[in-house]
Amino acid sequence: MENSRLSVQGRIFNIQRYSIHDGPGIRTIVFLKGCPLRCRWCCNPESQKYDTETMVTAGKTETVGRDVTVEDVISEVEKDRVYYLRSGGGMTLSGGEFTVQPEFSLALLSEAHDRALNTAVETCGFAASEVFEKLLPYIDTVMLDIKHTDSEKHRLYTGRDNTVIKENAVLLAKKARKLIIRTPVIPTFNDTREEIGKIAEFTASLGTVSELHLLPYHRIGSDKYAGLGREYMMKDIKVPEKEKMEELLSVVNAAGLKGQIGG
Ligand code: SF4
């Protein structure tokens with residue numbers, strides 16, 4: 001019987017092999033186009049719009065975004081199956097935001113699942129709960145960002161408040177096979193003991209989550225903003241010192257969670 005799932009189309013802007021920072025083991029990352037947030041520090045600003053767009057990189061104009069089928073993506077992912085087996089790795093959907101393309105994500109994740117490929121997703125959590133409910137059976141690890149506990153500050157820096165995200169965190173804590181909370185540590189936004197303490201407290205309150213990863217702000221990708229004709233609003237922000245990250249890590253660990261710096 002023909003597998004119709006393989007012909008489902010989606011829009012991506014990159015596939016990256018041999019990643020070790022986006023879920024367990026060695027992984028292939030599929031970067032989907034489209035995100036409902038506009039985080040000021042986003043290192044993949046070319047992911048945000050669903051539409052294809054042009055970006056100037058090192059003087060060359062490139063088109064960002066291409067339409068592919070599940071079959072196209074899976075055949076690329078399958079190339080590294082031997083590494084996944086040895087390392088416990090697999091495929092991670094990133095972006096952008098995978099829930100922006102629910103049909104494509106469902107077809108891709110279920111196809112991977114049927115092939116016994118480990119699956120993970122990186123999500124901002126801003127989606128209808130029904131979308132998560134539908135996709136969860138095919139996901140081994142969910143990595144969910146909790147960026148700030150204050151809704152207004154969240155809205156100011158990301159374009160959306162955090163109500164839906166916190167509600168989905170509760171849902172994911174109940175229903176995901178494994179949930180990891182991740183917090184990008186952004187100076188002037190959330191890099192205080194108090195705010196990281198609140199995020200740790202929220203994470204611990206979920207009951208089933210033991211890991212909170214702190215991802216230090218970095219400037220990789222900042223030059224893409226000029227290439228897209230957009231302003232980079234974080235140009236005066238410095239990356240956090242190692243000591244600062246260790247101090248914040250101690251706050252996470254004091255909340256009874258397994259903290260780590262980096263993904
Ligand atoms: S949620 Fe992620 S992909 Fe979306 S704008 Fe924020 S940093 Fe970028």
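Taken together, the values in this text are just the output of simple stated rules run on the coordinates, not laboratory data. A quick note: this is a predicted structure, and the numbers were derived from the prediction, not measured. Quick reminder, even Gly has a Cβ in these numbers, built from the backbone with ideal geometry, and neighbours come from all protein chains shown.
Brief remarks on what is shown
- For the chain: relative contact order, % (alpha-carbon pairs under 8 angstrom, 6 or more apart): 18
- Net charge over other residues, Cβ less than 13 angstrom from the Cβ of Leu156 (K, R count +1; D, E count -1): +3
- Residue of Glu243, Glu122, Glu71 that the Gaussian network model of the chain assigns the largest fluctuation, springs spanning Cα pairs under 10 Å: Glu243
- Helical runs assigned H by DSSP (4 residues or longer) give the chain a calculated mean residue ellipticity at 222 nm of -9500 deg cm²/dmol, each run adding -39500 (n - 2.57) before division by the residue total.
- Equivalent ellipsoid semi-axes - Cα gyration tensor, the range 152-263, angstrom: 26, 18, 13
- Per-selection metrics, the range 120-215 (Cα): Rg and Dmax in Å: 12.7, 38
- If you count Lys pairs in the range 1-142 whose Cα atoms are under 25 Å apart, skipping same-chain pairs closer than 8 places in sequence, the total is 6.
- Choice from Ile15, Ile29, Ile220 showing the highest fluctuation, given a GNM over the chain with Cα pairs closer than 10 Å: Ile220
- Residue of Arg86, Arg27, Arg66 that the Gaussian network model of the chain assigns the largest fluctuation, springs spanning Cα pairs under 10 Å: Arg86
- What the pair-distance distribution of the range 28-76 shows, using all Cα-Cα distances binned every 5 Å from zero, is 5, 17, 23, 23, 20, 10, 2 percent.
- Binned Cα-Cα distances of the range 23-113, short to long, each 5 Å bin given as a whole percent: 3, 13, 19, 22, 18, 15, 8, 2, 0
- Whole-Hz ³J(HN,Hα) from phi, Karplus 6.51 cos²θ - 1.76 cosθ + 1.60, for the range 241-251, glycine and proline x: 5, 4, 4, 5, 5, 5, 4, 5, 4, 5, 5
- Environment charge of Cys42, counting only residues whose C-beta is closer than 15 Å and scoring Lys/Arg +1, Asp/Glu -1: +4
- Value of D in µm² per second that Stokes-Einstein yields for the chain, Kirkwood Rh from Cα pairs, at 25 °C (0.890 mPa s): 130
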